[in-house]
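Novice: One structure, pasted below without further comment.
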């Protein structure tokens, strides 16, 4: 039963990661990280396939082995978060919403910059 649940979670997040390949506003690697984590508990074959992917495997391996995030990924993530907060402010979202969004994004950005680089 548990294996089936992890398999469903893995497939769900793999699907979201595939959508992220086509949609520039949706990240791919974070979804693949969750998929790899779930597949590690349910399907070693699918876990290995993610790790061996020529494009997306290296960042997933870097995260799993060292908690590392590449410099370009950090820059893109922080730029996107900053843009999202600025857009919220620009379109006139309530200031408390922009403040909460800014605080969450600042916390995530701080976490990102403290990760080792791949």
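The values are calculated or read from the model by the stated rules, or taken from the named source; none is laboratory data. What you see is a predicted model; the values in this text were computed from it and never measured. For neighbour counting, all protein chains shown are included, and Cβ atoms are generated from backbone atoms with ideal geometry for every residue, glycine included.
Novice: Any residue in the stretch 34-49 that is part of a loop (DSSP other than H, G, I, E, B), crowded, with 17+ Cβ neighbours inside 10 Å and either in the same structural domain as residue 8 (by TED's automatic domain parsing) or without any contact (Cβ under 8 Å) to a residue 12 or more places away in the chain (or both)?
Specialist: Looking through the stretch 34-49, at least one residue is part of a loop (DSSP other than H, G, I, E, B), crowded, with 17+ Cβ neighbours inside 10 Å and either in the same structural domain as residue 8 (by TED's automatic domain parsing) or without any contact (Cβ under 8 Å) to a residue 12 or more places away in the chain (or both).
Novice: Just give me the residues in the stretch 85-118 being at positive phi and touching a helix residue (DSSP H, G or I) at 6+ places or on another chain (Cβ under 8 Å), in sequence order.
Specialist: Across the stretch 85-118, there are no qualifying residues.
Novice: Where residues in the stretch 69-87 are touching a residue at least 40 places away in the same chain (Cβ under 8 Å) and either outside any helix (DSSP H, G or I) or more than 13 Å from the chain's Cα centre (by Cα) (or both), which of them is surrounded by the most Cβ atoms within 10 Å (Cβ to Cβ)?
Specialist: 69
Novice: If you don't mind, another one. Could you check residue 115 against (1) loosely packed, with under 14 Cβ neighbours inside 10 Å; (2) more than 27 Å from residue 2 (Cβ to Cβ) and say which number it fails?
Specialist: Every listed condition holds for residue 115 apart from (1).
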